[in-house]
Amino acid sequence: MKSIGLFVLIAITITNARKVTFAEEHQCSDSRATCINIRNCASIINILRDSPRPLSAQVLQMLRDTQCGFQGNDPMVCCVNQQQTLIQVQTQPTTSTTTTVKPTEAQETDGVIPPPDVTNHPNLRLLDHQICGPITTPRVLGGNKTGVFEYPWMALIAYDTGRSTPEFRCGGTIISNRYILTAAHCVTQLPPDIRSLAGVRVGDHDINKERDCDYDENGLEIQCAERYQDFAVESFYFHPDYTRTKLQNDIAIIKLNDSIDFRPLSVKPICLPFGSAATINQKKMIVTGWGATESGPRSQDLLQAKLPLMTNEQCKNAYKRSTQIWYKQLCAGGLRNVDSCFGDSGGPLQALGKYNGNTIRTIQHGVVSYGVRECGTGGIPGVYTRVAYYMDWILDTMTDSD
């Protein structure tokens, strides 16, 4: 990800420094090579990823020699035997295939680079790998209701609207004892009636109740959760490239003023997608939330919806008249009358998967970003920020609790 950005800057510099004639553009001196988008050239990406910074004079010269034009804003390079190469989303060092890989509903292989490899990032120690994403047994069967211990990483974001009590208008997820993951549009460029970000609540289920319990068919209590935990906001950070106009890079983290108590069963962090956990093999994922957006609340109970994933090509076609979908987004839903509004803004798109070895945990792959106004519209899915592509930014932004 950083490598592509670096190469773009290098390529622009080269283009400004050396005039490329029409005859030269999109042509390669090596008969084995083809002038293609850099995103489809595994060999160049591997070099950029593995080379130490700053880049050596030899690497810089190689980059100058391979440049053969631009495709939109992306540089094109002379790539040997890579015309049909598509790079799959992998968690180990980048691998490529020599034949076109057909995308499935579960995995988009859109010729893009893999997510950043953060397996050796020093701030991974800030995540609790032992307790994140526990698998719980649902107590509420049928419909879209959830049990009080089913999604213990859910967070409610409160706002000062000038009323006597703050309003919950966005959701998020607990990712560590001091940080909440949410959408950028939940913390910046807020509606006029919101004065400020007021706080965060974790461990809640029914907003109207002080005591949350699961009940049997006779209305008797089966199990009850401890009281929710409220926190003030110490600081928040949204992705520097987020804009409402493009609706991309819609991701943010909130730092709480104190540490979350993970002892209650109703309060645990969710696992984040890195290493083997970054690969998506599922065809369906679950979105959870109170249905709230920054414009107002919708539900008092935490709800869930199981949604099919849609390929990015299908998603691009669905949104072609309104916005641009790119590889750092996921799309899910799109079935008529299957309501995907239950995921509030900033909430998670999640699925079970292998985490940190071979343990099965709940992993958050997406952050609820946007969708059409009429939920459950056939053929038009909800759009989610793809978390794996922002793991470097998330870990770079996190700091020690104290």
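The values are calculated or read from the model by the stated rules, or taken from the named source; none is laboratory data. A quick note: this is a predicted structure, and the numbers were derived from the prediction, not measured. Every residue, glycine among them, receives a Cβ derived from its backbone with ideal geometry; neighbour counts consider all protein chains shown.
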Study note, to complete from the structure: Reported set for the range 357-400 where residues are modelled with pLDDT under 95, closer than 23 Å to residue 184 by Cβ and either hydroxyl-bearing (Ser, Thr, Tyr) or within 9 Å of the chain's Cα centre (by Cα) (or both) is 370, 399
Practice item. Under 7 Å between Cβ atoms, at least 6 apart or on separate chains: pull out the pairs that start in the range 149-175 with a residue that is touching a residue at least 60 places away in the same chain (Cβ under 8 Å) and not assigned by TED's automatic domain parsing to the domain that holds residue 369 and end on any residue that is in a strand (DSSP E or B) and surrounded by fewer than 24 Cβ atoms within 10 Å (Cβ to Cβ). Key: none
Review point. Which of the residues belonging to the range 352-402 are in a strand (DSSP E or B), among the small types (Gly, Ala, Ser) and out of contact with any helix residue (DSSP H, G or I) (no Cβ under 8 Å at 6 or more places or on another chain)?
Key: 382
Review point. Filtering the range 252-285 down to residues that are more than 18 Å from residue 124 (Cβ to Cβ), assigned to a loop (DSSP other than H, G, I, E, B) and touching a Leu at 6+ places or on another chain (Cβ under 9 Å), which residue is modelled with the lowest pLDDT?
Key: 282
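Mind checking which residues of the range 181-208 are of a type in the set (Val, Ile, Thr) and closer than 15 Å to residue 160 by Cα? Before the answer, list the steps.
Initial filter on the range 181-208 (of a type in the set (Val, Ile, Thr)): 182, 187-188, 194, 200, 202, 207.
Listed by number, the residues that qualify are 187, 188, 194, 200.
Consider residue 333 carefully, then state whether it is more than 16 Å from residue 279 (Cα to Cα), at pLDDT 95 or above and small (Gly, Ala, Ser). Walk me through how you get there before you give the answer.
Details: more than 16 Å from residue 279 (Cα to Cα): yes; at pLDDT 95 or above: no; small (Gly, Ala, Ser): yes.
For residue 333, the condition - more than 16 Å from residue 279 (Cα to Cα), at pLDDT 95 or above and small (Gly, Ala, Ser) - is not met.
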Review point. Considering only the range 204-244, how many residues are among the acidic types (Asp, Glu) and under 30 Å from residue 391 (Cβ atoms)?
Key: 4
**Study point:** Failed criterion for residue 169 (all others in (1) buried (at least 24 other Cβ atoms within 10 Å of the Cβ); (2) within 18 Å of residue 132 (Cα to Cα); (3) of a type outside the set (Ser, Thr, Tyr) hold)
**Key:** (2)
Point to revise | Number of the exception - residue 245 against (1) surrounded by fewer than 12 Cβ atoms within 10 Å (Cβ to Cβ); (2) in a strand (DSSP E or B); (3) not charged (D, E, K, R) | key: (2)
**Study point:** Residues located in the range 178-205, provided they are surrounded by fewer than 17 Cβ atoms within 10 Å (Cβ to Cβ), of a type outside the set (Lys, Arg) and either under 16 Å from residue 155 (Cα atoms) or without any contact (Cβ under 8 Å) to a residue 40 or more places away in the chain (or both)
**Key:** 192, 193, 196
Check your understanding: Among (1) at pLDDT 95 or above; (2) farther than 25 Å from residue 276 by Cβ; (3) small (Gly, Ala, Ser), where does residue 147 come up short?
Key -> (1)
